[in-house]
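Everything on this sheet refers to the single structure shown next.
The values are calculated or read from the model by the stated rules, or taken from the named source; none is laboratory data. Here the structure is a predicted model, which is why all the values come from computation and not from measurement. Every residue, glycine as well, gets a Cβ built from its backbone with ideal geometry; the counts of neighbours run over all protein chains shown. Remember, those area values only see protein heavy atoms, side chains included, never the ligands or the DNA or RNA. Shrake-Rupley method; radii C 1.70, N 1.55, O 1.52, S 1.80 Å.
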Amino acid sequence: MSGFPEQPTPANELLDQIENLSEGDINWRGGRAFSLVYHPDDQELEGLLHEVATIYIHENALNPFKYPSLVQMETDVVDMAADLLHTQPRAGSMSSGGTESIFLAVHTARSIGEQRGITVPNIVTAETVHPAFAKACHYLKIEHRSTPLTPDLRADPDAIAASIDADTVLVVGSSPCYPFGVIDPIPELAALAVEKGTLMHVDACLGGWLLPWWERLGEPVPPWDFRVEGVTSMSADIHKYGYTFKGASLVMYREPEMVQHQWFVYDNWPGGLYGSITTAGTRPAAPIAGAWATICHLGAEGYLSKARQVRDATRGFQSGIAAIEELQVTGDPDMSVFEISAVPGSDVDIGGVGDVMDDRGWNLDRQQGGLHVMVSPYHLRVVDQFNVDLSDAVASHARSRGKAASYGGISELG
Ligand SMILES: Cc1ncc(COP(=O)(O)O)c(C=O)c1O
């Protein structure tokens, strides 16, 4: 299509066009995707979410006074999450996604730092934290100090300690990090933050809605949440392992008062007093209602059962990988997110393995050192086929076609 459409197009034609356009989109429904969508394998939940989205499709959460229903649901979601993550009721807000939650937490840290007289703030992270921290620092004009890992691919408390100074407003750890699925040593990092008099954020965008159930399943989970003294904020995405649709995350704090730093209030405008608690002005209502409905629908029992599926599928994939001499899982992941890499010294070209998997319809994101896997409940249905294809791919692959290690919007450029 070029230029602005002069004539209207009937709805049915547009729906046909959309069907055609989306033919090339990733097919996550068959369990062949390992990123972007967390497939809960739950038709009743999907039906509920479609209905909720329809009810709230046009509503706007910008003005809470006009929407008591949304205020109630957002408050409920925050309070339910506070219970799950072991902080206080009302100690947080919803946001549109992990990146916005991270922005808000970094902004809050900068604002608290300002109150303490810090004018040139920095934050200290391991190099495995999500790029959203670098992005937040870029936008908010904060120095990002990125530190190397220990050999087990976790944040190195010594390297972090060496980078903290009087202008550090935040130390960050991941529970777990995206590239390798390992949980950083949160108690050590939090103790450092306390000792140095700064704040500590746990990025649990991935783990926030899965680790509580992982723990209840009896899996070994190192301390990672607000039960660790010194953890002052957390990001936790409901649109990942919380299984609602996109646009729902949480930024949570140790104290309800810390949320006040998110408020932006402006009273010098002919339009009247403006107030907003997140970076967006107009806020879609459907993700708030969708998150509320999902959490209430699944409850602890539902989440536990989905966590069991994820755990069993993870074990299935990992034992398939262990059976292939030339492949390994990188490091020792703590959850259901991991990297598949070539055993050092083997002549396997892991990119070439990824190409064969692509040809067989699987979608594995390329990282710098291997192929990335994030496991969803639905994957339990496809573990066996995946393992057969992976084994064939190792046996038959050619040299990598050179698909770049990438994440997000760069993947198909250049
Ligand atoms: C650990 C971690 N933090 C933050 C994010 C950013 O979340 P979003 O893409 O919802 O902005 C992600 C996304 O995968 C992540 O894995």
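Against the conditions (1) open to solvent by 10 Å² or more (accessible area, probe 1.4 Å); (2) in contact (Cβ under 8 Å) with a residue 24 or more places away in the chain, where does I340 fall short? Just the number, please.
It is condition (1) that I340 fails.
Could you check, for segment 106-120, whether at least one of its residues is within 17 Å of A132 (Cβ to Cβ), touching a residue at least 40 places away in the same chain (Cβ under 8 Å), within 16 Å of the ligand (Cβ to nearest atom) and open to solvent by 20 Å² or more (accessible area, probe 1.4 Å)?
So far as segment 106-120 goes, yes, one or more of its residues are within 17 Å of A132 (Cβ to Cβ), touching a residue at least 40 places away in the same chain (Cβ under 8 Å), within 16 Å of the ligand (Cβ to nearest atom) and open to solvent by 20 Å² or more (accessible area, probe 1.4 Å).
So P344 passes all but one of these: (1) assigned to a strand (DSSP E or B); (2) out of contact with any Phe, Trp or Tyr (no Cβ under 9 Å at 6 or more places or on another chain). Which condition number does it fail?
(1)
Working only within segment 2-43, note down all residues that are surrounded by 12 or more Cβ atoms within 10 Å (Cβ to Cβ) and aromatic (F, W, Y).
W28, F34, Y38
Test of understanding: among G351, G316, which residue is in contact with a Ser or Thr (Cβ under 6 Å, 6 or more places away or on another chain), over 30 Å from M80 (Cβ atoms) and assigned to a helix (DSSP H, G or I)?
Numbers: G316 fails: in contact with a Ser or Thr (Cβ under 6 Å, 6 or more places away or on another chain).
Within the list G351, G316, the selection yields G351.
Output the number of the condition that H130 fails; it satisfies all remaining conditions of (1) touching a strand residue (DSSP E or B) at 6+ places or on another chain (Cβ under 9 Å); (2) under 19 Å from Q368 (Cβ atoms); (3) free of Cβ contacts under 8 Å to residues at least 24 places away in the same chain; (4) open to solvent by 40 Å² or more (accessible area, probe 1.4 Å).
Evaluating H130 over (1) touching a strand residue (DSSP E or B) at 6+ places or on another chain (Cβ under 9 Å); (2) under 19 Å from Q368 (Cβ atoms); (3) free of Cβ contacts under 8 Å to residues at least 24 places away in the same chain; (4) open to solvent by 40 Å² or more (accessible area, probe 1.4 Å) leaves (3) as the failure.
Could you check how many residues of segment 71-101 are part of a helix (DSSP H, G or I), within 16 Å of the ligand (Cβ to nearest atom) and surrounded by fewer than 24 Cβ atoms within 10 Å (Cβ to Cβ)?
The total comes to 2.
Residue by residue through segment 158-174, note down the ones that are open to solvent by 10 Å² or more (accessible area, probe 1.4 Å) and of a type outside the set (D, E, K, R).
Correct list: A159, A161, A162, S163, I164, A166.
Hey, does segment 267-283 have a residue that's in contact (Cβ under 8 Å) with a residue 60 or more places away in the chain, surrounded by 15 or more Cβ atoms within 10 Å (Cβ to Cβ) and touching a His at 6+ places or on another chain (Cβ under 8 Å)? Quick ask: steps written out before the conclusion?
First, the residues of segment 267-283 that are in contact (Cβ under 8 Å) with a residue 60 or more places away in the chain: 276-283.
Now restrict to residues that are surrounded by 15 or more Cβ atoms within 10 Å (Cβ to Cβ): 276-279, 283.
The next check asks that each one be touching a His at 6+ places or on another chain (Cβ under 8 Å); those that pass are none.
No, segment 267-283 contains no residue that is in contact (Cβ under 8 Å) with a residue 60 or more places away in the chain, surrounded by 15 or more Cβ atoms within 10 Å (Cβ to Cβ) and touching a His at 6+ places or on another chain (Cβ under 8 Å).
Examine segment 382-392 for a residue that is part of a strand (DSSP E or B) and either at pLDDT 95 or above or in the same structural domain as A307 (by TED's automatic domain parsing) (or both), and state whether such a residue exists. Step through it out loud before you land on a result.
Start the filter on segment 382-392 by keeping residues that are part of a strand (DSSP E or B), which leaves none.
Checked against the condition, which is being part of a strand (DSSP E or B) and either at pLDDT 95 or above or in the same structural domain as A307 (by TED's automatic domain parsing) (or both), segment 382-392 yields no hits at all.
Is there a residue in segment 391-414 that is within 22 Å of D41 (Cα to Cα) and crowded, with 16+ Cβ neighbours inside 10 Å?
No, segment 391-414 has no match at all.
Looking only at segment 223-242, decide whether some residue is within 16 Å of the ligand (Cβ to nearest atom), more than 20 Å from F133 (Cα to Cα) and either at pLDDT 95 or above or crowded, with 24+ Cβ neighbours inside 10 Å (or both).
yes
If you go through segment 289-299 one residue at a time, do you hit one that is outside any loop (DSSP other than H, G, I, E, B) and β-branched (V, I, T)?
Yes, that holds for at least one residue.
Say whether the condition of being open to solvent by 30 Å² or more (accessible area, probe 1.4 Å), within 16 Å of the ligand (Cβ to nearest atom), touching a residue at least 60 places away in the same chain (Cβ under 8 Å) and not basic (K, R) is met by at least one residue in segment 248-266.
Among the residues of segment 248-266, not one is open to solvent by 30 Å² or more (accessible area, probe 1.4 Å), within 16 Å of the ligand (Cβ to nearest atom), touching a residue at least 60 places away in the same chain (Cβ under 8 Å) and not basic (K, R), which makes the answer no.
Does any residue of segment 30-43 turn out to be within 28 Å of T168 (Cα to Cα) and within 15 Å of the ligand (Cβ to nearest atom)? I'd like the intermediate steps shown before the answer.
Looking only at segment 30-43, we keep the residues that are within 28 Å of T168 (Cα to Cα), and these are none.
No, segment 30-43 contains no residue that is within 28 Å of T168 (Cα to Cα) and within 15 Å of the ligand (Cβ to nearest atom).
Give the number of residues within segment 241-273 that are among the polar types (S, T, N, Q) and under 30 Å from V37 (Cβ atoms).
So the answer is 3.
Only residues that are over 30 Å from A405 (Cα atoms) and open to solvent by less than 10 Å² (accessible area, probe 1.4 Å): list them for segment 175-194, please.
Answer for segment 175-194, where residues must be over 30 Å from A405 (Cα atoms) and open to solvent by less than 10 Å² (accessible area, probe 1.4 Å): A190, A193.
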